[in-house]
Each structure stands twice: as C-alpha cells, then as structure tokens.
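Each reported figure results from applying straightforward, stated rules to the coordinates on display, with no laboratory input. Computed from a prediction, not measured in an experiment: that's the story for all the values here. All Cβ positions, glycine included, derive from the backbone under ideal geometry; neighbour counts span all protein chains shown.
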Amino acid sequence: MKTMTTETRMRKLQLLYLKYTNKAGYAGAWDLPKMHCSTDVYPDYIALFGQPSDYRRTSKTAVAFFQYDDVFDGQHGLYNAIYYGNRKDLRTFKKRFKGVRFAIAPDCSLCGDVDKAEILIRIKRSRVVAIWMTIELGICVIPLVSFPRAADLDDILAGLENCEVVAFSTKGFVKDSEERANLIEGVKRTVDRLNLKAIVVYDVCKTDKDALEIFDYAVKKGIQIVVPNNILKERNRQTKTINKGVRHA
C-alpha cells in the first residue's frame, strides 16, 4: 500500500491552508495566524479588489478588499481556493495579482451582533489570504485592524506583534459619533499594544482633516499616518471642485 504524502493527507482532511499558516506561526489564546509587515515604502494609491484595471495605477498601488464580502469571499473567492486547493481558481488569482506590490489584508466584515466564534473565523480567513499572498506572490500585505468593539482588540491584535505597519479604514466612521469614538479608542489600544512606525488609512472624505483627527494619538506617539488616494476620494474631491464652480442665482 502506498503511503499518502503530507499534502494528499492535508487535502483529504481539508487542511491545505496549514501549508501557509504553519510557516507564519500562531499567537494568542485562539492561535490566530501571525502576520509580519515591515516596510519603509508605503502605498500611494489604494485600488479596490473589484477594479483590477486599477491595480497597477502607480508603482506603489495597494489592492484592498473594502467591498461587500460576497465580492471577494464567495464560493469561488480566494479563501475557498486556498482552503480547498482549487488549482484552477488559484491560477486565476495568481494571474489577477501578478505584479501587485502592496495589498491590505481582506476586510472580512466583523459585526458586533454576531457570535465571537464567527468574528475569530473571519479574522483567520483574512490572515490566511494575506499569508498566501505574501508567500506565493511576494506581495507586501499590510494587516487591517478591524473590530466590532474596541474591547475585542485584546484578541484581535494577537499575531500582529511583528508588524510595524497596519491599516485602518475610516469609511463610515467619520460622521457617526459613536463609531468615531470606538475607532479612536481602537487606534489608541492598537498603538499601545504594537510597536508601529506607520498607519495606512483608507479614507474617502474630500480632505484628510477629519481622518487625521482620528489618529491624533498615533501622531503624538511619532507614528506616520499615510492616507493614499483612491477612486472614491478622487470622486468626492472632484464633486467639491465642481460645486465650488457653480454659481447659484
């Protein structure tokens, strides 16, 4: 009888993702996969997953997943391709991301009204994809700090201890006072927990002023705040410019 190879056994047990997370390691009470991110160069533009024509807009464009989950994490999404070892889908994704220099780890939506197990599973999904992109494609993947409540960060930040750069999204937080306060507290907890030198921000406001105020604590700690351009930010700026040029009777 032939002895099964390790990969065959992993495939039969649907544990192929371990090829990547075992290399990265685990941390925290929930054994979340570790991420590593250290770079002195930062993205200058953020392209959305659903806009591949924008992936190489600049030499430092980052691909981000700030869209509804079914756009990038459905039946034929990248996580399932990794999990099930779907060679055809993996080839498609490798072709899609070829030449991409930066990415922001997937934003697998974390909702405050779901069970803790689901929150942890979604964090794990995001990190599996991020680690695969790093190992298979050599992409510099910036961890996304996303959380339903600031109190959850004690668990969520586990595994990011070796990251000098992280990303946040301010979309939906700037004008909602409760969400804004939660994000400000989350930034503070993250800065106090990790040894950061930069934070990359996905922001869609016309100016950076409101977003930068959210990261005031980080700025005072000497952390660089990087707010790359993106298509929604561009559109909002153009709308502002157009409105300024309109004369009202």
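Most simply put, the chain has about 10% antiparallel DSSP beta bridges, counting only bridges with both residues inside it.
Given the alternatives (i) 19.1; (ii) 18.5; (iii) 22.6, Kirkwood radius over Cα pairs in Å as computed for this entry is given by (i).
With the simple spin-label model, which puts each label point 7 Å out from Cα in the Cβ direction, the Lys60 to Val226 separation comes to 0.6 nm. Seen from Ser177, the other residues with C-beta closer than 14 Å to its C-beta sum to a net charge of -4, counting Lys and Arg as +1 and Asp and Glu as -1. In summary, the helical segments of the chain meeting the span-like criteria, namely a full DSSP H run, a Cα extent along the axis of 20 angstrom or more and a mean Kyte-Doolittle hydropathy of at least -0.5, are 116-137.
For segment 67-224, with only Lys/Arg (+1) and Asp/Glu (-1) charged at the beta-carbon, what is the dipole magnitude about the Cα centre, in debye rounded to 20? Please report the intermediate quantities before stating the final value.
On the way: 25 positive and 24 negative charges, 185 e Å.
For this selection, approximately 880 debye.
Would you mind checking the pairs Lys19/Lys233; Lys23/Lys60; Lys12/Lys197 and listing those with alpha carbons more than 32 angstrom apart? Cα-Cα > 32 Å for Lys19/Lys233; Lys12/Lys197; rest within.
Between the amide H of Ala62 and those of Asp44, Tyr45, Ile46, Ala47, distances stay under 5 Å, these residues lying 5 or more places away or on another chain, with hydrogens modeled in the peptide plane. Full extension of the segment from Glu213 to Ala117, taken as 0.36 nm per residue of separation minus the current Cα-Cα distance, would add 31.3 nm. Note on the chain: with a GNM built from Cα contacts shorter than 10 Å, the maximum mean-square fluctuation among Ile142, Ile214, Ile121 falls on Ile121.
Which of His36, His76 comes first, and how do the rest follow, when ranked by fewest Cβ neighbours within 10 Å?
Numbers: His36 18, His76 12.
Fewest-to-most ranking of His36, His76: His76, His36.
Remark: relative contact order (the chain) = 19 percent; criterion is Cα-Cα distance under 8 angstrom and separation of 6 or more residues.
By the Cβ-Cβ criterion of under 4.7 Å, the unpaired cysteines of the chain are Cys108, Cys111, Cys140, Cys205.
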